[in-house]
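What follows is calculated from the coordinates using simple rules that are stated; it is not laboratory data. Remember, predicted model here, so these are calculated numbers, not experimental data. Cβ: placed from backbone, ideal geometry, glycine included. Neighbour counts: every protein chain shown.
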Amino acid sequence: MNTATHSETEEPFVVYHREGDERLWVRPAAMWGESVERDGYSGPRFTAIED
């Protein structure tokens, strides 16, 4: 996981690997701490996974 800045808006982004996928993914940093409700799950959008 790392952070990046949008070149035009200077909005902060989080750069990360999704579990089971070697590609890099990017989300706005503001979304990182959000809670979600989906398919019976209610909780944080992201959680740390230990290697």
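So if I average 1/r over every pair of distinct C-alpha atoms in the chain and take the inverse, what Kirkwood radius in Å does that give? That comes to 12.3 Å for the chain. Rounded to the nearest 20 debye, the dipole magnitude of the chain is 80 debye, with +1 charges on Lys and Arg beta carbons, -1 on Asp and Glu beta carbons, and the Cα centre as origin.
In a DSSP loop and with at most 15 other Cβ atoms within 10 Å, the trypsin sites (Lys or Arg not before Pro) in the chain are 18, 23, 45.
Across the chain, C-alpha contacts under 8 Å between residues 6 or more apart give a mean separation that, scaled by the residue count, equals a relative contact order of 22 percent. Take the Cβ atoms of residue 2 and residue 38, set R0 to 25 Å, and the FRET efficiency comes out at 0.45. Going from the fewest other Cβ atoms within 10 Å to the most, the residues 41, 16 appear in the order 41, 16.
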